[in-house]
Every structure is written in C-alpha cells, then in structure tokens.
Amino acid sequence: MIVADKKPIEEIIEEIKDYTTILILGCNECVTVCEAGGKKEVGILASALRMYFLNQGKDVTIDERTLERQCDHEYLEEIRDVADQYDAIVSLACGVGVQFTAEEYHTVPVIPGVNTCFLGATEARGLWTERCQACGECILARTGGICPVSRCAKRILNGPCGGSSNGKCEINKELDCAWQLIIDRLDALGKLDDYETISPIKDWSTDRAGGPRKVVREDVQL
Amino acid sequence: MNVKTPSRLEKVLAAGLLAVTSECGPPRGSDPEVIIKKADLIKDYVDAVNITDNQTSVTRLCSLAACIRLKLMGLDPVLQMVTRDRNRIALQSDILGAASFDINNILCLSGDHQSFGDCSNGQNVHDIDSMQLVQTVRHMRDQGKFLGGDDIERPPKMFVGAAANPFADPFEIRVPRLAKKIAAGTEFIQTQCIYNLDKFEEWMKRVRERGLHEKVYILAGMTPMKSAGMARYMKNRVPGMDVPDELIKRLAGVPKEKQAEEGIDICVESIERLKEVEGVRGFHIMAIEWEEKVPEIVKRTGLFPRPEIAD
Ligand code: SF4
C-alpha cells in the first residue's frame with residue numbers, strides 16, 4: 001500500500017488560516033490502513049482545527065467527509081454538489097488522491113494533509129516500512145524476493161557494499177542490510193550459487209528517470 | 001598476467017614485484033599546493049597514488065582534477081570514482097576526461113552514503129553500482145565502445161581496480177563477492193584497512209582455494225593508527241572496520257606521545273607478516289592526513305627503492 005504520515009498541524013493551519021469554510025476529506029484506502037488519513041484521522045484533525053479557530057476567536061466551518069477512494073473519479077463525484085461551497089479542501093489522501101481531487105475540482109484549493117512516504121507494509125502496529133520503489137521492471141525473481149532498489153540505501157544491484165555490518169546497513173544500526181537479507185534468503189532457498197551471477201546495468205527508463213509513467217491496457221479499455 | 005595498459009602500477013605487478021600505492025585526499029578548497037605537497041612527500045616511495053573521490057561524502061576538490069595535477073607532476077595516479085554522485089553519462093564522460101590526460105588507473109567504488117557527509121540532505125545517484133562501473137570501464141577499454149554502443153575515438157587505457165572488504169558482513173559472501181568482481185573485469189584489488197590479520201589471512205586462504213589470487217592482484221590496505229583514540233573511533237564509528245581489542249590495548253599501553261610511533265611499528269610489523277602471505281601482491285598504504293609517514297613505512301619494510309619502470 002501507499003504509506004503516508006500525518007503532517008504537522010501547524011503546517012496545515014498555515015495553509016488554511018485565511019479560509020472560513022473547509023472540508024477535511026479522508027480516504028478509505030491505504031491512508032486508513034496506515035492510520036494517517038481515514039475517517040478516524042479526519043475526525044481528529046477536524047476537532048483540532050475547530051479548537052484552534054475557536055481559540056483564535058474565528059468563526060470557521062469545518063466539515064468532515066471520507067470517500068471510498070480519492071484516486072477514482074467515481075467516488076470523487078460524490079462531493080460534486082458540495083465541493084464548491086468550500087473555500088478549501090484539506091485532503092488526507094496520498095499525493096495521488098490530493099491531485100485527483102484537485103483535477104476534479106479545478107477552482108477549489110486542495111491542500112495536502114499528509115506526507116506521502118512510500119510503498120510499504122505494516123510491520124507491526126504503528127510501524128510501516130518500505131518495500132517497493134515502483135521502478136517499473138521488477139527484479140525480485142533474481143534477488144531472493146527482497147528488493148535492493150527500495151531496501152538498500154545505495155540501491156546496489158550487486159551488493160552488499162563494504163559497510164554492511166552484523167546484518168545492518170552502514171547508514172543506521174537499526175536498519176537491516178538488504179543484501180544480508182537477500183543472501184540469507186538465497187541460502188534458505190538453496191540458491192546461494194545464484195549470488196555470483198552479475199546483475200546487469202538496469203534500465204531505469206521505466207523508473208521515475210523516464211518521466212511520468214503510464215500503463216495503457218487496451219485489453220481492458222472500454 | 002599480460003600487461004594491457006600503459007599503467008605503471010600494472011607493469012610493476014605484472015613483473016611480479018610487490019607494488020606500493022598510497023593515497024591523497026584532495027583539499028576542501030581550491031589550493032593546488034595541498035595536493036602538490038602531499039604528492040611530493042610520497043612520490044619516490046610509491047608506484048601509484050590514489051586520489052579519493054569526496055571520501056566519507058564530504059565535499060572536496062574533485063578527484064579528476066587532482067589526478068591531472070599528479071599526472072602533470074609525473075606520477076601515476078589512480079582515479080577513484082564513486083557511483084554515488086554521477087550517472088552513467090557523467091561517469092563515462094569523466095573516464096574520457098581522465099583518459100585524455102593519460103590517467104591509466106581507476107578504482108571503482110560505490111562510495112559512502114551521503115548521510116555521513118556535509119550534504120546529508122542531498123540525493124544520491126547510484127545509476128550503476130561499483131561492479132557495473134568495472135564492467136563499464138572494461139567495456140570502454142576493451143570494446144572501444146560507449147555503453148550506448150557507439151564507438152569511442154581513442155578509448156581509455158585504464159587498469160581497472162576495485163575495493164574489497166574482507167571484514168564486512170556477511171563473511172561467507174566475501175570471497176564469492178571477490179569472484180564476482182573479478183568476473184566483472186576487476187584487475188587489481190585494494191582492500192579495506194587490515195588490522196585483524198588472522199581474519200585477513202583466513203580470507204586469503206579462501207581466496208587461494210578458489211584460485212582467485214591468480215586472477216587478480218591483491219594489494220593489502222594498511223593505515224597506521226595515530227593513537228588509541230583513533231583506533232577506538234575506527235572500531236566503533238567506521239562502517240565495515242575490524243579493529244581487534246588487543247591492538248587498542250597495545251596502543252593504549254604506551255604513553256600518549258609514543259602512541260603514533262607505536263602505530264607505525266604495528267603497521268610495519270603487519271606489512272612484514274603479510275608479505276609472506278601467498279597472493280598478497282603489494283600494499284596500499286593509506287596514511288590519512290599523515291602522508292609524511294609513508295616514506296618511513298616503505299623504507300622500514302624494505303620496499304624502498306621503488307623499481308624503475310620504462311614507459
Ligand atoms: S549496508 Fe547493505 S543496505 Fe546498506 S548500503 Fe550497503 S549494501 Fe545497501
């Protein structure tokens with residue numbers, strides 16, 4: 001899923017302080033799972049903002065709404081009737097949702113309420129970690145199912161570097177060295193010999209390097 | 001092994017002589033005198049001199065310019081190049097730039113992570129990794145082609161090196177990793193600083209078991225300790241460094257003002273011991289900001305004078 005984290009409330013206030021009617025718009029997908037932008041967080045942020053404006057002696061209306069998805073036209077249509085009643089929408093969706101909402105409601109300012117962080121998973125309650133950088137050309141079959149592009153601090157395809165120590169990465173003793181994990185997994189799979197196959201230079205044109213990407217699937221187009 | 005480049009270092013090694021290399025860190029400024037002075041101190045005691053490439057990710061004068069300086073002084077520089085800061089366009093371009101000054105050695109590295117340096121908020125590149133950089137230089141030299149496939153007019157003639165850390169984890173992969181670097185085209189290796197001689201010898205044994213010592217020239221990395229404090233720092237703070245406690249104890253056991261001397265003694269003793277290890281083909285003496293000690297170490301270990309090599 002897409003993992004996001006809450007933005008500091010001061011930053012959100014700085015963006016919305018001059019408005020008087022504001023919609024806090026949550027999303028029921030990834031940001032709900034990572035507890036940054038679902039219905040619960042919409043409620044918490046709305047209360048905090050109401051409190052803030054009350055203390056400032058300002059009469060500001062703050063409404064709450066959470067859509068099934070913000071990255072989908074169909075669900076964004078649900079606020080069609082009300083969207084332009086607001087001076088601004090604070091979207092707690094990921095960066096995709098924020099932009100899709102902004103594209104849909106062209107004349108209403110849409111402000112991000114979270115920082116979109118990475119593609120990752122819930123490792124434990126309150127702990128999310130990165131697993132994928134969406135490079136567009138998956139190499140997991142060759143790396144024991146562990147991704148050096150997202151999990152090695154130097155995205156080394158022929159690792160580990162000389163800084164790997166006690167299974168940890170040179171940049172942080174708390175961080176697993178991706179290449180230690182790869183080697184352990186290859187070992188467990190009885191494929192340690194595969195380690196000696198040199199990974200060729202990667203084609204990054206399917207990555208961010210190639211510019212904004214598109215997936216076109218004519219077979220499923222209407 | 002046949003000589004494939006005009007590199008002085010390669011010729012010394014191919015002649016079966018123990019090679020000596022050292023390294024200079026460029027200054028954090030643009031004063032060329034700093035490099036000239038360091039080079040003058042060591043030039044008669046080494047076969048080639050590495051120039052580090054923004055080591056520990058601290059911004060410095062560039063390795064290429066400093067290498068050109070050395071070349072113009074008549075030395076044989078080793079261009080260190082990390083994949084952290086340049087993509088494949090910049091890497092190939094810098095290789096050609098170096099080749100245009102007949103810089104004949106390159107050491108391919110991934111580089112320390114930028115979080116250690118003065119630009120910890122910066123991006124890193126890592127378009128290719130150090131092993132792929134080895135492949136790239138070999139491709140440019142041996143095929144005379146760019147990665148993109150076009151011909152290079154006057155291809156680079158570089159002797160291609162890489163680093164090896166016999167002490168990094170996981171240990172069981174350190175020899176296969178060397179094999180992989182050799183398969184990528186590495187011709188010489190400069191190792192991480194060796195303090196744990198037993199572990200290094202164990203690594204060399206495994207290297208020999210696979211016959212790798214006959215496929216690559218291994219230069220043992222030596223860095224004399226200036227003090228017990230430095231030894232402790234290296235042990236605790238420098239990633240991938242193996243400093244045994246006995247060494248720290250030995251340094252701490254002599255008065256502070258004598259510790260530097262003790263550090264040199266340890267370095268000399270280590271070289272003497274490693275000279276006997278089959279497959280060690282020379283020494284890479286990295287006296288960090290202590291270049292003036294290189295002559296003493298080279299002399300005391302009987303590695304002076306350096307051989308005359310005809311161009
Ligand atoms: S220590 Fe491991 S994860 Fe960290 S940069 Fe080196 S190879 Fe990558």
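Tell me yes or no: at least one residue of region B:194-207 is buried (at least 22 other Cβ atoms within 10 Å of the Cβ) and touching a Ser or Thr at 6+ places or on another chain (Cβ under 7 Å). Yes: one or more hits. I'm checking my understanding of the structure. Among residues of region B:121-146 that are at the interface with chain A (Cβ under 10 Å from one of its Cβ atoms) and of a type in the set (Val, Ile, Thr), which one is nearest to B:Val3 (Cα to Cα)? That would be B:Val134.
Please indicate, with yes or no, whether at least one residue in region A:143-164 is small (Gly, Ala, Ser), under 25 Å from A:Gly97 (Cα atoms) and modelled with pLDDT of 95 or more.
yes
Are any of the residues in region B:236-251 assigned to a helix (DSSP H, G or I), open to solvent by 10 Å² or more (accessible area, probe 1.4 Å) and within 14 Å of chain A (Cβ to nearest Cβ)? Within region B:236-251 (the criterion being assigned to a helix (DSSP H, G or I), open to solvent by 10 Å² or more (accessible area, probe 1.4 Å) and within 14 Å of chain A (Cβ to nearest Cβ)), the answer is yes, since at least one residue qualifies.
Confirm whether A:Val82 is away from the ligand (no atom under 16 Å from the Cβ) and open to solvent by less than 70 Å² (accessible area, probe 1.4 Å). Full working, then the answer.
Numbers: away from the ligand (no atom under 16 Å from the Cβ): yes; open to solvent by less than 70 Å² (accessible area, probe 1.4 Å): yes.
It is true that A:Val82 is away from the ligand (no atom under 16 Å from the Cβ) and open to solvent by less than 70 Å² (accessible area, probe 1.4 Å).
The set of residues in region A:185-195 that are out of contact with any Pro (no Cβ under 9 Å at 6 or more places or on another chain) and open to solvent by less than 60 Å² (accessible area, probe 1.4 Å) contains only A:Leu186. Find all pairs meeting these conditions: Cβ atoms under 6 angstrom apart; at least six residues apart or on different chains; first residue within region A:54-72 and within 15 Å of A:Glu29 (Cβ to Cβ); second residue of a type in the set (Ser, Thr, Tyr). Filtered contacts from region A:54-72: A:Leu67/A:Tyr75; A:Glu68/A:Tyr75; A:Arg69/A:Tyr75; A:Gln70/A:Thr101.
Filtering region B:170-180 for residues that are more than 20 Å from the chain's Cα centre (by Cα), aliphatic (A, V, I, L, M), at negative phi and within 15 Å of the ligand (Cβ to nearest atom) leaves a non-empty set. Of the residues in region B:117-140, none is open to solvent by 10 Å² or more (accessible area, probe 1.4 Å), closer than 24 Å to B:Asp76 by Cα, out of contact with any Ser or Thr (no Cβ under 9 Å at 6 or more places or on another chain) and assigned to a loop (DSSP other than H, G, I, E, B).
Failed condition for A:Thr107, given (1) buried (at least 18 other Cβ atoms within 10 Å of the Cβ); (2) β-branched (Val, Ile, Thr); (3) not in a strand (DSSP E or B), with all others met? Only one criterion in (1) buried (at least 18 other Cβ atoms within 10 Å of the Cβ); (2) β-branched (Val, Ile, Thr); (3) not in a strand (DSSP E or B) is unmet by A:Thr107, namely (1). Just so you know, in region A:162-175 the residues that are in contact with a Cys (Cβ under 8 Å, 6 or more places away or on another chain) and of a type in the set (A, V, I, L, M, F, W, C) include one that is farthest from the ligand (Cβ to nearest atom), and it is A:Leu175.
Among the residues here, A:Glu74 does not qualify as among the acidic types (Asp, Glu), in a helix (DSSP H, G or I), modelled with pLDDT of 95 or more and crowded, with 21+ Cβ neighbours inside 10 Å.
Checking each residue in region B:159-183 for being outside any strand (DSSP E or B) and in contact with a strand residue (DSSP E or B) (Cβ under 8 Å, 6 or more places away or on another chain) picks out B:Asn165, B:Pro166, B:Phe167, B:Ala168, B:Asp169, B:Arg174, B:Arg177, B:Leu178, B:Lys181.
In the set (1) in contact with a helix residue (DSSP H, G or I) (Cβ under 7 Å, 6 or more places away or on another chain); (2) open to solvent by 60 Å² or more (accessible area, probe 1.4 Å); (3) closer than 15 Å to A:Ile111 by Cβ, the condition left unmet by A:Thr20 is number (1).
Every residue in region B:176-193 that is over 10 Å from A:Glu196 (Cα atoms) and open to solvent by less than 20 Å² (accessible area, probe 1.4 Å), please. Give the steps one after another, and end with the answer.
Here is the first cut: in region B:176-193, the residues over 10 Å from A:Glu196 (Cα atoms) are B:182, B:184-193.
Hits for region B:176-193 are B:Ala184, B:Gly185, B:Thr186, B:Glu187, B:Phe188, B:Ile189, B:Gln190, B:Thr191, B:Cys193.
From the list B:Thr59, B:Thr21, which one is in a loop (DSSP other than H, G, I, E, B) and either touching a helix residue (DSSP H, G or I) at 6+ places or on another chain (Cβ under 8 Å) or surrounded by fewer than 23 Cβ atoms within 10 Å (Cβ to Cβ) (or both)? Before the answer, list the steps.
Details: B:Thr21 fails: in a loop (DSSP other than H, G, I, E, B).
B:Thr59 is the lone residue from the list that is in a loop (DSSP other than H, G, I, E, B) and either touching a helix residue (DSSP H, G or I) at 6+ places or on another chain (Cβ under 8 Å) or surrounded by fewer than 23 Cβ atoms within 10 Å (Cβ to Cβ) (or both).
Of all residues in region B:253-262, those satisfying the criterion of being open to solvent by 50 Å² or more (accessible area, probe 1.4 Å) and farther than 10 Å from B:Met225 by Cα are B:Gly253, B:Pro255, B:Lys256, B:Glu257, B:Lys258. In the set (1) away from every other protein chain (no Cβ under 14 Å); (2) charged (D, E, K, R); (3) touching a residue at least 24 places away in the same chain (Cβ under 8 Å); (4) part of a loop (DSSP other than H, G, I, E, B), B:Glu153 fails one condition alone, (3). Scanning region A:187-208 for residues that are part of a loop (DSSP other than H, G, I, E, B) and either closer than 23 Å to B:Leu133 by Cα or facing another protein chain (nearest Cβ under 9 Å) (or both) gives A:Thr197, A:Ile198, A:Ser199, A:Pro200, A:Ile201, A:Lys202, A:Asp203, A:Asp207. For region B:62-116, filtered to residues that are in contact with a strand residue (DSSP E or B) (Cβ under 6 Å, 6 or more places away or on another chain) and within 14 Å of another protein chain (Cβ to nearest Cβ), the residue that is most open to solvent (accessible area, probe 1.4 Å) is B:Leu109.
Being within 10 Å of the ligand (Cβ to nearest atom) and either under 16 Å from B:Pro170 (Cα atoms) or of a type outside the set (A, V, I, L, M) (or both): is that true of A:Glu196 here? Give the derivation first.
Numbers: within 10 Å of the ligand (Cβ to nearest atom): no; either under 16 Å from B:Pro170 (Cα atoms) or of a type outside the set (A, V, I, L, M) (or both): yes.
It is false that A:Glu196 is within 10 Å of the ligand (Cβ to nearest atom) and either under 16 Å from B:Pro170 (Cα atoms) or of a type outside the set (A, V, I, L, M) (or both).
The set of residues in region A:135-184 being open to solvent by 40 Å² or more (accessible area, probe 1.4 Å) and away from chain B (no Cβ under 12 Å) consists of A:Gly136, A:Glu137, A:Cys138, A:Leu140, A:Ala141, A:Arg142, A:Gly145, A:Arg151, A:Glu174.
The values are calculated or read from the model by the stated rules, or taken from the named source; none is laboratory data. Remember, it's a predicted structure, so these values are computed and weren't measured experimentally. Counting neighbours? That spans all protein chains shown, and the Cβs are built from the backbone with ideal geometry, glycine included. Surface accessibility is based on the protein's heavy atoms, side chains included, excluding ligands, DNA and RNA. Shrake-Rupley method; radii C 1.70, N 1.55, O 1.52, S 1.80 Å.
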